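Here's the structure, in structure tokens; my notes come after.
The values are calculated or read from the model by the stated rules, or taken from the named source; none is laboratory data. Small disclaimer: the values here were computed from a predicted structure and weren't measured. Cβ placement follows ideal geometry from the backbone for every residue including glycine, while neighbour counts extend to all protein chains displayed.
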Amino acid sequence: MKEILSLDHVSYTYESEDGESRKAIDDVSFTVWDGEWIAIVGHNGSGKSTLAKMMIGLLFPEEGSVNVFLEKLDAENIWDIRSRIGIVFQNPDNQFVGSTVQDDVAFALENNGVPFEQMVPRVHESLAQVNMAGFLDHEPHHLSGGQKQRVAIAGALAMQPKLLILDEATSMLDPQGRDEVIKVVDDLKRTTGLTVISITHDLEEVLLADKVIVMNDGKLMLTGKPEEIFAHGEELEAIGLDLPFASRLSRYLRQAGVEIQGEHTTEEELVNELWTSHFNK
Amino acid sequence: MDISLQQVGYSYAKGTPFEKRALFEVNASIESGSYTAVIGHTGSGKSTLLLHLNGLLKPTEGVVRIGNVSITADTKAKELKEIRRNVGIVFQFPEHQLFEETVEKDIMFGPMNFGVPAEEARQRAHELIKLLGLPEDVAQKSPFDLSGGQMRRVAIAGVLAFKPSILILDEPTAGLDPRGRKEIMELFNKLHKEEGLTTILVTHSMEDAAMYADQVLVMHEGRSVIVGTPEEVFADAERLKSFRLGLPRSVAFQRDFEKLIGRPLGRLALTEGQLASSIAAALKEEGER
């Protein structure tokens, strides 16, 4: 397996104006492999966003190194590396530059001197990948939040990145917009094998990931598959994270005296468990 | 203060070529002291409706009545002042409206604008800082040095500071982490009960509507299509689906479970706790058969 990104004993401290310093990242190490979907979760202030800033070189670690595409990120290679990373931020209204959807998606291509003949098919292809092909000449501000975020993803895809970073890209959307964006990312991952790092609060997104990284107070607290992570229910709640509905309901059921075998993170699994252990004897 | 909407219609840019109708014949009555959730798909008219509830928009048709003040298309702006004093709105992402040099000054701004003396306003600011669970020393900090969740609380304190009797919340927890969401919703619930507020919550969360509201108002394409208790509104999944809305997760799970056992569970489970006890009871009955 090819390494896409790794953090090696990374630490970072913020200095505020009044001289107080706060360790935002404390000795964090992990590796992201080609084609993986990683979800990074943690409460506000846990260090998630600082990690995102370090992955794209908006901040450099004080200690340790951030390696992207097997190169140690530094002030020299940052521009080259950034051109191979797509990133989508939280607020759908803050990341539009074009006056139409297609102009917006073409922006990075124009900036990077991609010839017009290549630009047109790439813009069309990227928009098709996010199910927005019919919106070429629409004005961005008339789109819904979910549509805007999908256009932002198309803008990132047009640059044919090797890594897509979503920094709370669904947290400002309504439920439908969130589902649209998650579905698009899921499809992309399955059809293109794109590596995705998603910083998120959304449990549906976490359940779709291959691997979850839980941050707490700047430290990496847990890492593993979603079902392994959610087996630590109480620890996660203690640091302000939510559990999937099925996990919470399982706990209420156990409190009410219902016997449940194993841990279930989806409603479907839990209904099946209730069926097999109580009726299908 | 009771609120009622009678045949309320609203068109943006009325009388111009850009005229766009956003509300049609909206009817609802909101009793003093009740908790109403307004749900609806994006673009259903929820936000336009909300702007009518403190006179930021005047209806182009029909009447909005707040307490004993009636607002129609002809109401003068001057007559709306009394309403604004009584109705607090927490807009989406309210932290975008912070502007003062310090947290204390920001919270004091609203009451002082309504003529409360500075000392009293300052005292209220400090009470609110405590009530919202902010550290005491934020008072003299710039609101822009705080974390996102803290900024949200300061902005909410600024609305509560002029002691509105009607509190309107437009997606107050959007963008917060799960703990922040829960804390803020619990705080509003507590205020609603302790202060006897009339609370109106605009939300995309069916779970919050089911858990906190006494009354649910469903908006669809600018119309008020259902008004009822959470039990009534969430009992009809098909109808909600036609308005592009889903069920609260506990109700959805209840339906799946009912299919499994082949009979209904009785009352609608509006919370996870209720659902668990209904399921436990049903399994016990099955066991005794």
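Side notes on the structure shown:
- Count - residues of the stretch A:272-281 that are facing chain B (nearest Cβ under 8 Å) and within 35 Å of the chain's Cα centre (by Cα): 2
- Pairs with Cβ under 7 Å, 6+ apart, first in the stretch B:59-70 and free of Cβ contacts under 8 Å to residues at least 24 places away in the same chain, second not in a strand (DSSP E or B) and not hydroxyl-bearing (Ser, Thr, Tyr): B:Val69/B:Glu79; B:Val69/B:Glu82; B:Val69/B:Ile83
- Of everything in the stretch B:158-174 that is within 11 Å of another protein chain (Cβ to nearest Cβ) and touching a His at 6+ places or on another chain (Cβ under 9 Å), the residue that is farthest from B:Thr36 (Cα to Cα) is B:Ala174.
- Taken as a whole, the structure places A:Ile56 among residues that are assigned by the TED database to the domain that holds A:Asp27, under 30 Å from A:Glu139 (Cα atoms) and among the hydrophobic types (A, V, I, L, M, F, W, C).
- Of residues in the stretch B:146-190 being of a type in the set (A, V, I, L, M, F, W, C) and without any contact (Cβ under 8 Å) to a residue 40 or more places away in the chain, the one nearest to B:Ser32 (Cα to Cα): B:Phe188
- Subset of the stretch B:175-204 (residues that are farther than 30 Å from A:Met215 by Cβ and within 13 Å of chain A (Cβ to nearest Cβ)): B:Val202
- Filter result (more than 14 Å from B:Glu183 (Cα to Cα) and basic (Lys, Arg)) within the stretch B:131-163: B:Lys141, B:Lys163
- For the criterion of being closer than 18 Å to B:Ile279 by Cβ, surrounded by 17 or more Cβ atoms within 10 Å (Cβ to Cβ) and of a type outside the set (A, V, I, L, M, F, W, C), A:Pro226 fails.
- Leading residue by the ranking (nearest to the other protein chains (Cβ to nearest Cβ)) among those in the stretch B:238-283 that are more than 24 Å from A:Thr265 (Cα to Cα) and either charged (D, E, K, R) or not in a loop (DSSP other than H, G, I, E, B) (or both): B:Arg244
- Single residue of the stretch A:1-53 satisfying the filter (outside any strand (DSSP E or B), among the hydrophobic types (A, V, I, L, M, F, W, C) and under 24 Å from B:Gly180 (Cβ atoms)) that is nearest to the chain's Cα centre (by Cα): A:Ala52
- Matching entry among A:Glu205, A:Glu237, A:Glu269 (being at pLDDT 90 or above, within 14 Å of another protein chain (Cβ to nearest Cβ) and either in a helix (DSSP H, G or I) or buried (at least 20 other Cβ atoms within 10 Å of the Cβ) (or both)): A:Glu269
- Residues (over 17 Å from B:Thr36 (Cβ atoms) and in a helix (DSSP H, G or I)) located in the stretch B:175-226: B:Pro178, B:Arg179, B:Gly180, B:Arg181, B:Lys182, B:Glu183, B:Ile184, B:Glu186, B:Leu187, B:Lys190, B:Glu194
- Among residues of the stretch A:240-266, those that are at the interface with chain B (Cβ under 7 Å from one of its Cβ atoms), within 19 Å of B:Ser250 (Cβ to Cβ) and not in a helix (DSSP H, G or I), counted: 4
- One residue from A:Val32, A:Val28, A:Val41 being within 14 Å of chain B (Cβ to nearest Cβ) and among the hydrophobic types (A, V, I, L, M, F, W, C): A:Val41
Conditions (1) over 21 Å from the mean Cα position of the chain (by Cα); (2) in a strand (DSSP E or B); (3) among the aromatic types (Phe, Trp, Tyr), marked per residue:
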{"site": "B:Gly55", "(1), (2), (3)": "no, no, no"}
{"site": "B:Arg65", "(1), (2), (3)": "no, yes, no"}
{"site": "B:Ala73", "(1), (2), (3)": "yes, no, no"}
{"site": "B:Gly110", "(1), (2), (3)": "no, no, no"}
{"site": "B:Arg122", "(1), (2), (3)": "yes, no, no"}
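- Listed conditions (1) modelled with pLDDT of 90 or more; (2) in contact with a Leu (Cβ under 9 Å, 6 or more places away or on another chain); (3) under 30 Å from B:His41 (Cβ atoms); (4) not in a strand (DSSP E or B) are all met by A:Glu228, apart from (3).
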